[in-house]
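Visitor: Below are the structure tokens for one structure; questions will follow.
The values are calculated or read from the model by the stated rules, or taken from the named source; none is laboratory data. Every value quoted in this text rests on a predicted model; they were computed, and no experiment measured them. Here the Cβ positions follow ideal geometry from the backbone for every residue, glycine too, while neighbour counts run over all protein chains shown.
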Amino acid sequence: MRCLERNKIPFHYCLFKEKEAIRDESGHKTGEYRLVYEEPVEMKANISPATGESQIEQFGTSLQYDKVIVVDDMACPIDENTVLFVDSKPSFNDDATPVFDYIVKKVAKSLNSISIAISKVKVS
């Protein structure tokens with residue numbers, strides 16, 4: 001029932017692509033890295049408005065999260081390294097870094113659906 005088409009709302013996600021070394025003006029590695037993500041992909045799924053008691057047991061007792069996304073597509077590529085645009089449109093900084101508003105905390109697969117615990121973050 002959660003995955004009925006009328007219960008789904010659109011959001012965007014960016015999959016993790018690679019960790020790229022940052023170089024100085026001379027071309028030498030600085031020892032710092034920046035995360036590179038793929039282009040945003042739109043998806044529709046059921047996103048809970050708030051957390052609840054049943055979701056806490058589903059993901060464990062020590063995990064803090066804000067919402068749960070329920071997807072009926074078992075081939076969903078979202079994992080713990082994916083960043084999400086749930087309450088905002090996809091946008092990027094000057095260096096092409098995504099300015100996302102949610103991160104994935106945990107992915108729990110069941111027989112017919114995938115539950116994704118997400119947490120709000122502030123990226124500038």
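Visitor: What number of residues within the range 1-19 satisfy the criterion of being touching a Lys or Arg at 6+ places or on another chain (Cβ under 8 Å) and in a loop (DSSP other than H, G, I, E, B)?
Guide: The qualifying residues number 1.
Visitor: Okay, moving on. Answer yes or no: is there a residue in the range 84-102 that is assigned to a strand (DSSP E or B) and at pLDDT 95 or above.
Guide: Within the range 84-102, one or more residues are assigned to a strand (DSSP E or B) and at pLDDT 95 or above.
Visitor: Hey, among the residues in the range 51-70 that are at pLDDT 60 or above and over 13 Å from SER119 (Cβ atoms), which one's nearest to the chain's Cα centre (by Cα)?
Guide: VAL70
Visitor: If you don't mind, there's one more thing I want to ask. Can you name the residue in the range 36-50 that is in a loop (DSSP other than H, G, I, E, B) and either closer than 24 Å to PHE92 by Cβ or of a type outside the set (Gly, Ala, Ser) (or both) and is also modelled with the lowest pLDDT among such residues?
Guide: Step one: of the range 36-50, the residues in a loop (DSSP other than H, G, I, E, B) are 38-40, 48-50.
Checking the rest, the ones that are also either closer than 24 Å to PHE92 by Cβ or of a type outside the set (Gly, Ala, Ser) (or both) come to 38-40, 49.
Numbers: GLU38: 94, GLU39: 95, PRO40: 96, PRO49: 80.
Selected residue: PRO49.
Visitor: Could you grab me the full set of residues in the range 102-116 that are of a type in the set (Ser, Thr, Tyr) and over 16 Å from ASP66 (Cβ atoms)?
Guide: Across the range 102-116, the qualifying residues are SER110, SER113.
Visitor: Then there is this: State whether the residues of the range 20-35 include one that is at pLDDT 95 or above, exposed (fewer than 14 other Cβ atoms within 10 Å of the Cβ) and either in contact with a helix residue (DSSP H, G or I) (Cβ under 9 Å, 6 or more places away or on another chain) or assigned to a strand (DSSP E or B) (or both).
Guide: no
Visitor: Output the residues belonging to the range 80-95 that are in contact (Cβ under 8 Å) with a residue 24 or more places away in the chain and either surrounded by 12 or more Cβ atoms within 10 Å (Cβ to Cβ) or more than 14 Å from HIS12 (Cα to Cα) (or both).
Guide: Those that are in contact (Cβ under 8 Å) with a residue 24 or more places away in the chain and either surrounded by 12 or more Cβ atoms within 10 Å (Cβ to Cβ) or more than 14 Å from HIS12 (Cα to Cα) (or both): GLU80, ASN81, THR82, VAL83, LEU84, PHE85, VAL86, PRO90, ASP95.
Visitor: Could you give me the residue pairs with C-beta distances under 6 Å whose first residue belongs to the range 14-29 and is in contact (Cβ under 8 Å) with a residue 40 or more places away in the chain and within 15 Å of ASP95 (Cβ to Cβ), whose second residue is in a strand (DSSP E or B) and aromatic (Phe, Trp, Tyr) wherever it lies, and which are 6+ apart or on separate chains?
Guide: Listed by first residue and then by second, the contacts come to CYS14/TYR37.
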